[in-house]
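Below: one structure, written as structure tokens.
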Amino acid sequence: MKDRMMMKVRRNAAAWMLACAGSLVFSGAVAAAPDGETATTIMVEGTTHQANNWRIEMPANWNGTLLLFSHGFVHGPDNPARNRPHEGAEDLLARGYALAGTSYRATGWSLEEAVPSQMEMLDLFEHRFGPARRVLAYGESMGGLVTLALVERHPERIAGAMPLCASVSGGVGMMNQALDGAFVLATLVPMDRPPAIVGIARKGEGLVAQVPDEPEAVGALVRAASATPQGRARLALAAALAQLPAYAGNGPRGAAATRIPQDDLAERQDAWATVFERGVFFPRRDQEHRAGGNFSWNTGIDYAAQLALSGQEDAIGQIYREAGLDLAADLAVLAQAPRIAADPAAVAYMRANYVPTGQFTRPVLSMHTTGDPFTMVTYQDSLARLARNGGGSRWLRQAYVEGGGHCTFSGAEIVAGIEALDEAVQAGGWDGVAVDSAAMNRRAGSSPATPGRFVAFTPDPFLRHCGRTPGSCPGEPAADR
């Protein structure tokens, strides 16, 4: 194994850091510490024999806590080690937290490889620096689901967890919800060459995926729907069933996106059209390849009932009337349309990789922006249900940041979450640890000049909740005997 080390120099650097460094080579750079002094951070990185790239950053003022970061979905051949969130890493280092993370052993929907890769990272850290006083797992998007798997499977080593902007409903429910949006639009806006909804993986294909899988066909479908009032109405119905948020200026990094009022129906339709492709046509090719078949279904799903549960029925009805369409007639078409069935073995694979059990025994703080267009905030409703069913509710807290975009937390918001989680771990639970919006904004350093974005928020019910237990999901295929 060939390691590289980079050192940020601090006057009077601690002797123990040099001892940990051994004979490795240093290069210098300077970073400011909170007290105005210069801080020292050792960075060590390497690759294991299992092609797991890893990286550690160790500050001189280490507080004894290791933050184990899990990255999100990667859909290309490059797979560098990732040990940092989008924002907040320098602030976390300055507060004395060590940062570690890996590439996982594979790209794509690599939950199967991610958990052992991250545990391997802990072993490497302990070999280099000795045991941490406590390990907090956190991660973004798919990495938030990895984070939940870590704390559920390894509570003896993971003291707490903070999934961020994560698919915390679990992969099965998340992908069923996406299937609903795609199925509704493709059924009601027929195309000569419609995009494939499932059955995308073909024999011999590798694990590299595009986002979405068939960009030309998906783009053509959304453009066709957007070209007429009737198509826009049908896209609005599909978006409501997929539970897409309606935020102006939304996109992957649209942190400044603003919530559109419920009565501004035209602007809401524009917003849904903007995010529909990536918010509904998730990459399935890699998942199907791993699962050995299709794991999503809409057998047994009543879309009229789903629309009523969504809270969007009146708005969609008004949009349909303005377009000169009959909503009941389109719902009848959907009711008669041939359904998509799933392979039970593929469902079992996706459930194992991963639907949370909700059997938490360590503090978990799940954070989400209210307008995330790719991992919907309604997933948080599903997570709360999983925790209630699994007996882990007392260990779970959820915090919401007003804004759009995917994983667009500020550095201050990330730090606020980590410090709240660390406090709960030290207290042995959430009793006495405030994580309401006012408390979180205080932690994030908000002021009248720079108000915080944490808000009191209750997500809508998640329409395709799917539990950990086989047979717990509406319309689920019977498990193989």
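Here is how the numbers come out for the structure above:
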| quantity | calculated |
| --- | --- |
| Per-residue SASA entry for L164, accessible area with 1.4 Å probe, Å² rounded to 10 | 0 Å² |
| Carbon plus sulfur fraction of accessible area for segment 353-442, probe 1.4 Å, in percent | 44 percent |
| Accessible heavy-atom area order of H289, H71, highest first, probe of 1.4 Å | H289, H71 |
| Probe 1.4 Å, accessible area per residue of segment 172-322, Å² | 39 Å² |
| Cα-centre dipole for the chain with unit charges at Cβ (Lys and Arg positive, Asp and Glu negative), debye to 20 | 960 debye |
| Ranked order, H154, H49 - accessible area, probe 1.4 Å, largest first | H49, H154 |
| Order of exposure, largest accessible area first, which applies to R464, R290, R394 with probe 1.4 Å | R394, R290, R464 |
| Surface accessible to a 1.4 Å probe, per residue, for the residues of segment 371-437, Å² | 30 Å² |
| Counting DSSP beta bridges with both ends in segment 349-467, the antiparallel % (nearest 5) | 20 percent |
| Dipole axis of segment 275-415 (+1 Lys, Arg; -1 Asp, Glu on Cβ), positive-most option in G293, Y320, G390 | G390 |
| For segment 380-420, convex hull volume per residue from C-alpha positions, Å³ | 83 Å³ |
| Cα long-axis angle, helix 171-188 against the chain (0 to 90 degrees, to the nearest 10) | 30 degrees |
| Positive dipole terminus of the chain, leading residue within A341, A161, F281 (C-beta point charges) | A161 |
| Residue-averaged 222 nm ellipticity for the chain, from DSSP H runs of 4+ at -39500 (n - 2.57), nearest 500 | -11500 deg cm²/dmol |
| Rounded to 5, percent antiparallel among DSSP beta bridges of the chain | 45 percent |
| Estimated dipole of segment 62-134 in Debye, rounded to 20 [Cβ of Lys and Arg +1, of Asp and Glu -1, Cα centre] | 240 debye |
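The values are calculated or read from the model by the stated rules, or taken from the named source; none is laboratory data. In this text the structure is predicted, and so the values were computed from the model without any measurement. Cβ sites come from the backbone with ideal geometry, for glycine too, and all protein chains shown count toward neighbours. With ligands, DNA and RNA removed, areas are computed over all heavy atoms of the protein, side chains included. Shrake-Rupley method; radii C 1.70, N 1.55, O 1.52, S 1.80 Å.
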